[in-house]
Amino acid sequence: MTADTAVRRRITLTGAVTWTGLWAFIGGLLIAVTAVVLSSFTQQLSSGWLPGALTTKWYSGAWSYFDLPSLLTTTLLVALAVVALSLLVAVPTAFALSRLSFPGKRLVMLLFLVPQVIPTMSYAVPLATLVYQLRLNDTVPGLVLVNLVPSLPFAVLVLIPFVDQIDPRVEQAARVFGAGTRQVFVRILAPLMVPGLLAAGVLTLVRVVGQFELTFLVAGPNSQTIVVALFGASLQAGQLPSQQIDAMAVIYMLTTLVLLLIALRFVDPTSVAARTRR
Amino acid sequence: MSAAVAPERAAGSGRRARAGTPGISPVLWLVVPGVLFMLLFFVYPLCYGVGLSFQGEGGPFSAYADFFADRFVSDHGSRESILVTLRLALAASLINVGAALPIAYRMRGPIRGKRIITATVLIPMTLGTVFVASAMNNVLGPAGWINKALLAVGLADEPVALTGNFTGVLLSLVISGFPFSFLLMLGYASGVDPSLEQAAAVLGAGPRARFRLIALPLLLPGLTITFCLSFVLAFGVFPSATLVGNDAGPTRVLSKIAYTEYANAQYATASATAVIMAVVQLAVLGLVLALRSRLYRGSTAGGKG
């Protein structure tokens, strides 16, 4: 223990490089955030270092130009629906995959693994075509459907280790006392799986809110999420003042930040990792 | 751990099998909805896309031939974009993992201000591509702060091109990808038992030897996974290549080509591009995993000796 602290106090070359790199990253990050936030309050772009006059008109502009309430509603609606449906299907799947071994199990596992390692675009294009044929493009159900494709297998993969941790003897004991499969799920497994459900739910939520390619290909004027609207606006660079886009980007950042903070109140990712290891 | 659980499981499923229909456990039905959904909305579109890529106007392989001959309607330079995408993704994931490893390794123990450092590093996860792109243009662009400073000090006579090219996109990929690599590596690094390194220290190993012989071999599986996931993230991305880079030239990435062809209703060539993307990415992942399995064995032996 004393040897360990003595080693940590000594300044080494690699240590200096590591910490300098870390602080350079953090410094650059803070400058970047400052630049965008400052620009979103700037009245008129000038050639000077700091903005002349400050204004909040770009934020009220975000309200009128982007129709922020409907963007937020769509984003949250899609995200919550995807999380709920993913968990609903993923919990039984993860349970069976963790407890049973059956012929073809590796193939089923592969089915849930492949969407994580191939580029989104490679299945997004034909999937969007399919959604068009089903006439679900530019609708919330269509957005939910395409977002389920990467989210469901992701939730399954996150949940499997959590099911692995639950001692099967607990279920067997419940069955001995006459509980059916439904009762085992609702009264035994569900309470024991709460940390896993929260972790999978939070991670899925963050992914769906930030998901771009799939949503972009299926969304239309009536069903835009914040990411898609923001990207569309910043592509037409000439038509909108850049401060307007920056204001919208800040609003998007605040949305994800709030979601993440709410999520972290319920789940501490490091403690989840620590529990998984034991 | 899994070996200890395995007989339990076998016994459990055996009992259920005897109680229910012979051979198939009723619990197996729980897999059906998930598998059915994936078959319908993942495997079917994927196969449909592969099929579509062979339905080019000039015969089964014409879409691929067009890709490699740079004959796409909307883009010229599709063949080169494989290299562009590969270079971007490899550079970004090497930087991300290379930086995340030492920092996570040094932060594995209790350190003053650990929570604040971790929270700050994770900020980019909330920013989003457009925010990062806008920040890059504000800070590094031709009229950005860095160039203003360079011009004011007199180090440069005209603005240095830091955005609109490879460097800009690479930087934005590092900013948005590093937190993810760091979080993963921190998890793996704090999973290494500190008593192993203490034992090595007692036996006279210096910090360098402890890292090289004890920590690194143990971290290698995690390192490989982090590299692969970070590569996957960087390989598919096209918003930052469009917003920070110049997607008509030096940063024309594969996913951008696939999207443009799709938007122009060139479904065969769009699908062919998507298939090429998947093949290239899986080839890189396969190569990394194969390399690791060779490296890993060697290092473990070194650690024992």
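The values are calculated or read from the model by the stated rules, or taken from the named source; none is laboratory data. Note that the coordinates shown come from a computational prediction; the quantities given were computed from them, not determined experimentally. Using ideal geometry, Cβ is built from the backbone for each residue, glycine included, and neighbour counts are taken over all protein chains shown. Just so you know, the surface numbers come from the protein's heavy atoms only, side chains and all, with ligands and any DNA or RNA stripped out. Shrake-Rupley method; radii C 1.70, N 1.55, O 1.52, S 1.80 Å.
Results, tabulated for the structure shown:
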{"item": "Net charge of Cβ neighbours under 15 Å - reference B:Gly128; Lys, Arg +1; Asp, Glu -1", "result": "-1"}
{"item": "Spacing of the two label points (7 Å from each Cα toward its C-beta) at A:Phe102 and B:Leu291, in nm", "result": "3.9"}
{"item": "Net charge contributed by nearby residues that have their C-beta within less than 15 Å of A:Ser122 (K/R +1, D/E -1)", "result": "-1"}
{"item": "Once the Cα gyration tensor of chain B is diagonalised, semi-axes √(5λ) in Å", "result": "39, 35, 18"}
{"item": "Per principal axis, descending, Cα span of region B:251-295 in whole Å", "result": "46, 22, 8"}
{"item": "Kirkwood Rh, angstrom, region A:35-98 [1 / mean 1/r, Cα pairs]", "result": "15.5"}
{"item": "Per-pair calculated FRET efficiency, R0 = 45 Å: A:Leu54 and A:Val194 via Cβ, rounded to 0.05", "result": "0.45"}
{"item": "Charge context of B:Ala268, other residues only, Cβ under 11 angstrom, K/R +1, D/E -1", "result": "-3"}
{"item": "Cα convex hull of region A:59-277 - mean projected area over all directions, nm²", "result": "14.5"}
{"item": "Label point distance in nm, B:Ala265-B:Leu40, each placed 7 Å from Cα along Cα→Cβ", "result": "2.9"}
{"item": "Rotationally averaged projected area of the protein assembly as shown (alpha carbon convex hull; nm²)", "result": "30.8"}
{"item": "Highest-fluctuation residue, A:Leu76, A:Leu203, A:Leu240 considered, GNM on chain A with Cα pairs under 10 Å", "result": "A:Leu240"}
{"item": "In order through region A:108-114: 3J(HN,Hα) via Karplus (6.51 cos²θ - 1.76 cosθ + 1.60), integer Hz, x for Gly, Pro", "result": "5, 4, 4, 4, 8, 8, 4"}
{"item": "HN-Hα J in Hz across region B:84-90 - Karplus 6.51, -1.76, 1.60, θ = phi - 60°, x for Gly and Pro", "result": "4, 4, 4, 4, 4, 5, 5"}
{"item": "Partner chain coverage, peptide B:38-50 - average Cβ within 10 angstrom", "result": "6"}
{"item": "Karplus-derived HN-Hα couplings along region A:259-264 (A = 6.51, B = -1.76, C = 1.60, θ = phi - 60°), whole Hz, x at Gly and Pro", "result": "4, 5, 5, 4, 4, 5"}
{"item": "Anisotropy class of region B:209-290 from Cα gyration tensor, a/c 1.5 cut", "result": "prolate"}
{"item": "Mean separation of Cα contacts under 8 Å, 6 or more apart, over the residue count of chain A: relative contact order %", "result": "27"}
{"item": "Accessible-area composition of the protein assembly as shown, carbon plus sulfur, in percent [1.4 Å probe]", "result": "68"}
{"item": "Length released on extending from B:Glu80 to B:Leu220, taking residue separation times 0.36 nm less the Cα-Cα span", "result": "47.2 nm"}
{"item": "Computed P(r) (all Cα pairs; region A:126-217; 10 Å bins; percent)", "result": "15, 33, 24, 19, 9, 0"}
{"item": "Cα-based Kirkwood hydrodynamic radius, region A:68-177, one decimal, Å", "result": "16.0"}
{"item": "Gain on full stretching of the segment that runs from A:Leu110 to A:Leu30 - 0.36 nm per residue minus C-alpha separation", "result": "24.7 nm"}
{"item": "GNM result for chain B, Cα springs below 10 Å: residue of B:Ser293, B:Ser240, B:Ser93 fluctuating most strongly", "result": "B:Ser293"}
{"item": "Relative contact order %, region B:60-304, counting alpha carbon pairs below 8 Å whose residues are six or more apart", "result": "30"}
{"item": "Most mobile of B:Leu285, B:Leu183, B:Leu196 in a GNM of chain B (Cα contacts under 10 Å)", "result": "B:Leu196"}
{"item": "Volume per residue of the C-alpha convex hull in region A:180-258, rounded to whole Å³", "result": "122"}
{"item": "Accessible surface, region A:159-241, averaged per residue in Å² (probe 1.4 Å)", "result": "44"}
{"item": "Spacing of the two label points (7 Å from each Cα toward its C-beta) at B:Ala119 and A:Leu261, in nm", "result": "0.9"}
{"item": "Theoretical ellipticity at 222 nm over chain B - DSSP helices of four or more residues, -39500 (n - 2.57) apiece, nearest 500", "result": "-22500 deg cm²/dmol"}
{"item": "Partners for B:Lys148 among aspartates and glutamates (Cα-Cα distance below 18 Å; same-chain residues under 8 apart left out)", "result": "B:Asp157, B:Glu158"}
